[in-house]
Amino acid sequence: MNADGQQAANRVIRCAWLLRPGQPPLPNRRLTIEAGLLTDISVVPADERHLIAPVAVIPALVNAHTHLEFSRLERPLEPSAPFPDWIRAVIGYRRQHPTETDICTAVASGVQQSDRSGVRLIGEICASDSAAVELQRAIGETGGRAVCFREFIGFRSEDIPQRVAELDALVASHVAHPVRMALSPHAPYSVHPRLFEAVVSRARAQGGPIAMHLAETRDELELLQHRSGRFREFLDGLGLWDRAALGEYRSILPYLEALATCHRALAVHANYLTDDEIQFLADHPHVAVVYCPRTHRWFGHDAHPAEKLRQAGATVVLGTDSRASNPDLSIWRELQLATRLSADALWQRLPEVTTTAAAALGYDPADFDLQTGRPAAMLQVSCSCNTEAAVGEFLVSDKCQVMV
């Protein structure tokens, strides 16, 4: 466990700035930690000003969505477009690295990379049992926390009984600590409606979160609306296409409506939403959109509706996706880019990688705030600025890095 998570002996941090989620930065703060708890936050006394470190203290970070099985990649997979071709590259990569050792090594590496970048809670999509087991082990070593969204894929109707049997066995066997098990029907183009509905019903009974990739590309929308396009060709090429397999699902909204019956849900990516879908999400804030800014940029999508969602009152949190579409697993870099693309200050977006993100994953948001009487889970970022305006500008610059 890193120093920020240790129950250390009494210590005092004197920082140039304190950043709490959604609040303006506070200058010259003195933080007292006793037995791992934050016991006092006060202004640094005049006679201690010379001890102030040129840093900003922030809460530990949350990455709401990633796929750690790709964590050993040195660069994203290509081509980035068209999207079905990128999926073919993903399938090719998995075929080249099929063993449990390959998968476990990548997951362990991803947990370590996340920990080094200040992430203390991960929303991980696990595509196999071995990945889930390794996630449990690796998270135990770092002292962090995670939600393992066990992914289900099955588009052919004849595969549904076997997938549902696997689903029920998983739900019956899971042990919750330190990694919480949750469920994830992958995406509309890879999950038969009967399997999707079965996963939703089990997630609803569990009371935990559920995650699904939705509205990721225009190709996905064309498949739903017209049963045509690149995804139709992709499924045809795999021998999986069945016009009846999508049932009555003609848009993203029915998927959102089903997910909203669960206690908490993540609509991952949600790059292409209609106004009706944005309004539905605003009316159902327990369904959080996970926006992955650098992955979004990698694929060259149109502007993300994050600002429309936020203005409407919907819940937006951030994720990295994977190193198959991202140069690294730094959620801090995602926050910086999201801030640069908006009119907000970084501290206004900070809940999207701390308190709001934790709540979206089913954790107590107070664990990812800086409150007296709570565990002192905190990080530092370099910051020697003298004014709030200068802090805001520096925090989104490449020079500002998380120190762990």
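The values are calculated or read from the model by the stated rules, or taken from the named source; none is laboratory data. Computed from a predicted structure; not experimentally measured. Glycine gets a Cβ as well: all are built from the backbone with ideal geometry, and neighbour counts include every protein chain shown.
Values for this structure:
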| item | result |
| --- | --- |
| Residue count, the stretch 281-333 (criterion: acidic (Asp, Glu) and assigned to a loop (DSSP other than H, G, I, E, B)) | 3 |
| Complete set of residues in the stretch 140-156 that are in a helix (DSSP H, G or I) and either surrounded by 24 or more Cβ atoms within 10 Å (Cβ to Cβ) or touching a residue at least 60 places away in the same chain (Cβ under 8 Å) (or both) | 142 |
| Cβ pairs under 6 Å, 6+ apart, first in the stretch 354-367 and within 17 Å of residue 208 (Cα to Cα), second among the β-branched types (Val, Ile, Thr) and part of a helix (DSSP H, G or I) | 365/355 |
| Residues satisfying the stated conditions in the stretch 83-119, i.e. in contact with a helix residue (DSSP H, G or I) (Cβ under 7 Å, 6 or more places away or on another chain) and among the charged types (D, E, K, R) | 100, 115 |
| Selected residue (only one of 204, 250, 180, 218 is of a type in the set (D, E, K, R), closer than 17 Å to residue 82 by Cβ and surrounded by fewer than 23 Cβ atoms within 10 Å (Cβ to Cβ)) | 218 |
| Filtered residues of the stretch 376-392 (kept if of a type in the set (Gly, Ala, Ser), within 12 Å of residue 16 (Cβ to Cβ) and assigned to a loop (DSSP other than H, G, I, E, B)) | 384 |
| Strands (runs of 3 or more DSSP E) fully within the stretch 1-111 counting 3 or more residues that are closer than 30 Å to residue 219 by Cα | 61-66 |
| Hits in the stretch 248-267 - residues which are under 16 Å from residue 205 (Cα atoms) and not in a loop (DSSP other than H, G, I, E, B) | 258, 259, 264, 265 |
| Of the criteria (1) over 21 Å from the mean Cα position of the chain (by Cα); (2) without any contact (Cβ under 8 Å) to a residue 24 or more places away in the chain, which one residue 376 fails | (2) |
| Residue match in the stretch 117-134 (condition: touching a His at 6+ places or on another chain (Cβ under 7 Å) and either under 25 Å from residue 378 (Cβ atoms) or assigned by TED's automatic domain parsing to the domain that holds residue 208 (or both)) | yes |
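Residue by residue, here is whether (1) in contact (Cβ under 8 Å) with a residue 12 or more places away in the chain; (2) at negative phi; (3) buried (at least 17 other Cβ atoms within 10 Å of the Cβ); (4) in contact with a Phe, Trp or Tyr (Cβ under 9 Å, 6 or more places away or on another chain) holds:
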residue	(1), (2), (3), (4)
35	yes, no, no, no
46	no, yes, no, no
57	yes, yes, yes, yes
65	yes, yes, yes, yes
77	yes, yes, yes, yes
89	yes, yes, no, no
99	no, yes, no, no
117	yes, yes, yes, yes
125	yes, yes, yes, yes
